[in-house]
1. Given a Förster distance of 45 angstrom, what is the FRET efficiency for residue B:490 paired with residue B:88, based on the Cβ-Cβ distance and rounded to 0.05?
2. Run the quick spin-label model on residue B:286 and residue B:194: label points 7 Å from Cα toward the beta carbon, then report their separation in nm to one decimal.
3. Roughly what would the spin-label model give for residue B:416 and residue B:171, points 7 Å off Cα along C-beta, in nm?
4. Once every Cα of the range B:275-368 carries one equal point scatterer and solvent is ignored, give the base-10 log of I(q)/I(0) from the Debye formula at q = 0.22 Å⁻¹, two decimals.
5. Can you figure out the FRET efficiency of residue B:45 with residue B:95, using R₀ = 30 Å and their beta-carbon distance, to the nearest 0.05?
6. Quick one: the Cα spread of the range B:77-175 along its three principal axes, in angstroms, biggest first?
7. Within 10 Å of each residue's Cβ, count the other Cβ atoms and sort B:383, A:173, B:400, B:371 from fewest upward.
8. When the helices in chain B are scored as -39500 (n - 2.57) per DSSP H run of 4 or longer and the sum is shared across all residues, what 222 nm value do you end up with, to the nearest 500 deg cm²/dmol?
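What follows is calculated from the coordinates using simple rules that are stated; it is not laboratory data. Owing to the predicted nature of the structure, the values given are computational and were not obtained by experimental measurement. So basically every Cβ, Gly included, is an ideal-geometry build from the backbone, and we count neighbours across all protein chains shown.
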Ligand code: HEM
């Protein structure tokens, strides 16, 4: 295949993945719609383990008798939605491979913001699919899909850039390790942020009296489960982020610009993100900060993370994150982080 | 399941309205209310400072305090941009300067936050290390009287004797590497001691990283120099164009190396979306680690620095130095050589000056631009560069005569002319007199001033040199921190208690577990243990 063919394969795959994500989203919405009439307790949620969230419970629990039709339809839609998501993730992966193969010389697909965003959303979706069973994430489906779809759309509409070779400073294997770990932790933190947001929503509806027994919020797992899933995702993301930002990042920076830590805006925000997540982990063990405040901190973390990923490029022009050729020319940040 | 009545646990917890009243009562000695001894005050301050809540708040403050430095240009990051910003904001500049906003990361307030955080950290780690040390050898704590109060618990009755059940439980738990003690008919088991060790290692390593980072910024230096092809550089302070030492840096620590730039090449992309970009920068150096060492050679590339001792040499930029010769009115050569022009954009359109201060009858200054691949824009009426590669190079310069103030002793930038006492050469019609030269061309200046020729082109490279002591300390610190972090986050510390009581009709066995970490998940732990106790029980009977 020629480079041009790879590139159009990639573009085609992005469009296809977007479509399939959209179908998966619709399917999950249909799932939740069918569940509207099924009271939460009808599922296996009545079992005494706190680990079984309402949403999946219906999909797995045969005990329900109240509205079997609705529950079965929901179970079917739930499975279909998950399969569609898996398919979309696979196609999404093809789009990344296509980007890499289209470049000459072949390379990792993160030469510009478009490619970063493509990779970032891939990891979010992939982690969701991979952790689906372990953390029973069925309840997260509509949110993750909506998020991935929106960000993909932003990438295609505003960030798209044709395939181009990497600038010199970006061709380093440290960059590969650095970016892989950064993107993985971005994925985990994003899922953690979504969970924390849902925690806040649910805790609000619980304190307000939690009237409904069906509907999305009622079917979210219990607060304690949301809190724990969020913690686990962050606990996974934090060491990876530490590795990306405080180990491989500085090593690469030292190779490329002679200074392993230069308080460059990207570095500053990576540091801020790190400190906020350290605060989150502390908050969870500090009396009075548990639960709600910790969840708010997690959301602050998600904000700093994505701000650094995209926003800071528009706020500051001193970023060195590119080798611009001329010593006095900064600011052409094609590199993200 | 039955829940036996409980007497022990509840009495200690629970909001006791009388408790708060107690503290407001005057103390039982002759001090007035609210009066603290200095000792008590200090202890109170210390306890506040080392509390987890304070650590949390300080962390958040640190994050907040780091923000201004990413929005306001920083002297240490980009001095040029900072001074431009300062000129553009004359009102804000003095205020910002007072607040240290142009060098946030060594300002008093930023330092105050992280120094407080460090004190808090030490005050936190030390006591916890002692506690951990003692706890490491201590036996797991005795079983609470009422195991069914714990969130994870189970109860079953069996026909086996209590001793047999406890014996089996011990075997099972020992196999799972629990530390076990038996007291009053109950087993206490605990595992996951390394979690706390990991946590301590992590926090300790944060200090190590800071020490390493501090060493680098106090004792290290960073400097840049532009070296034209065929020229050399020896590592002394005076040879640098810009030099940024740490506050405790001593020039005696500089490595006495020397290098010469033999060649520089770059691959220019001529098609594709990044056409005009260059890659594959390669500067070949000959170097000596010290004057007495043999010469070696090295291909200096981006991402591929040269390390000499504890100093690193980096290639961070490149540009062109047109070779310009000026002869004065007497025909004497008053200026000759490659002249470094600084690129102003991606096409390597560059600016530079020539100062011929010894020229007769009057000093000559040239100021202008260099275009690697020249083109003319009808729209703007000026030249511009199409491409960074020197396909059709040209210089275009204005001529100044008069006093260039080169002999006053005040240092001048080699990239700008002091034009205060000069006049610009003009044509008869009043338009500026312009020298447009391609390589090999020369032009006779009017009024018998002399001649200027453009003899050729040399590339130059921008070299960054840095010495960062403590970088290995910092790196090992972060790696240790990461290892500690992994232990601290993923080792699950847990306690399990098994109590067996012989009653009429069988033995009542209670099993309970407690997770001592934030995110632990005990689901299945108790169930599995019960299942295994019952299974082995059946096997034996
Ligand atoms: C530079 C400052 C600090 C940073 C970056 C930091 C970071 C962290 C992180 C990331 C964790 C979670 C991972 C783990 O469990 O080990 C943690 C836990 C912890 N930190 Fe810190 N910390 C700092 C200062 C402090 C201070 C000053 C204290 C004492 C007041 C403290 C007490 C603790 C404790 C007790 C835990 C364990 C919580 C648990 O068991 O889950 N930390 N810290």
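1. Numbers: r = 51 Å, r/R0 = 1.13.
My answer for the efficiency is 0.30.
2. The answer from the label model is 5.6 nm.
3. Computed distance between label sites residue B:416 and residue B:171 equals 8.8 nm.
4. One equal scatterer on each Cα of the range B:275-368 leads to -1.04.
5. Details: r = 32 Å, r/R0 = 1.08.
That gives a FRET efficiency of 0.40.
6. Principal-axis extents of the range B:77-175 (Cα, largest first): 89, 27, 26 Å.
7. Details: B:383 19, A:173 11, B:400 22, B:371 25.
Going from least to most buried by this count: A:173, B:383, B:400, B:371.
8. Theoretical 222 nm ellipticity from helices: -10000 deg cm²/dmol.
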